[in-house]
Amino acid sequence: MKRLSISVLLLVFLFSSTQVFAEYDRTQVFKVMRNNAKMMRQLETAAENEDFFAIAEAFMELARGSNAIKDYDPKRGTQSAWKKTHLELIRAAFDGIGYCANEDIEAIWDVIADIGALNSQGHMAHK
Ligand code: HEM
C-alpha cells in the first residue's frame, strides 16, 4: 500500500513537472496582438522608406511579443501548434533583423510576407 502511494505520488510529480504550459492570459494576448498589428504597419512604412533601424526595431518587437505568450495554453487548438507558430515567428523576425545588416530589402519583404502567413496560420488554428 505504502509503495503504491509512493508510486502514485511519483507519477503525479512527474506529470506535473512536465507541464510547461502557462495559463492563457487574454488581456496579455490582446496587448501583444494590437502591438503586432502596429508593428506590421511600421514594417510596411519602414521597408518602403528603407529605414533599416525602424525595420529591425519592429522585427524585435514582434519577436518579443511572441516570446511573451508562446507558453500559453490556447483556448482553441493545441499548445504544440501555438508554440511552434510563435517560435517560427521569432525565428523569421530574427532573420529579418539579420537582413537589415546587409540592407537586403528584397529578403526583408519576403520575411514580412512570411510573418503575414504565420499570422493567418495562427488565427486559423487558434482564434
Ligand atoms: C504579426 C502577426 C499577427 C498580427 C498582426 C495579429 C493581429 C491580431 C489582431 C489585430 C487581433 C485582434 C485583437 C483585438 O481585437 O483587439 C488578434 C487576435 C488574436 N490573435 Fe493574432 N496576430 C498575429 C499573430 C498571431 C499568431 C502567430 C497567433 C497564434 C499562434 C495569433 C493568435 C491570435 C488569437 C488567439 C487572437 C484572439 C485572442 C482571444 O480572443 O483571446 N495571432 N491578432
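No value in this document is a laboratory result; all are computed from the given coordinates. Given the structure is predicted, the values throughout are model-derived calculations rather than measurements. Cβ placement follows ideal geometry from the backbone for every residue including glycine, while neighbour counts extend to all protein chains displayed.
Using R₀ = 35 Å, calculate the FRET efficiency as 1/(1 + (r/R₀)^6) where r is the Cβ-Cβ separation of Asp71 and Ala107; round to 0.05. Calculated value: 0.75. Between Ala22 and Tyr72, Asp73, the built amide H atoms are under 5 Å apart, and every one of these is 5 or more places off in sequence or on another chain. Summarised in one figure, the compactness ratio Rg/Rh of the range 22-126, Cα atoms and Kirkwood Rh, is 0.99. Remark: the Lys31-Ala117 segment gains 28.9 nm on full extension, using 0.36 nm per residue and subtracting the alpha carbon distance. The lysines within cross-link reach of Lys75, meaning a Cα-to-Cα straight distance under 28 Å and a gap of 8 or more places when in the same chain, are Lys31, Lys38, Lys83, Lys84, Lys127.
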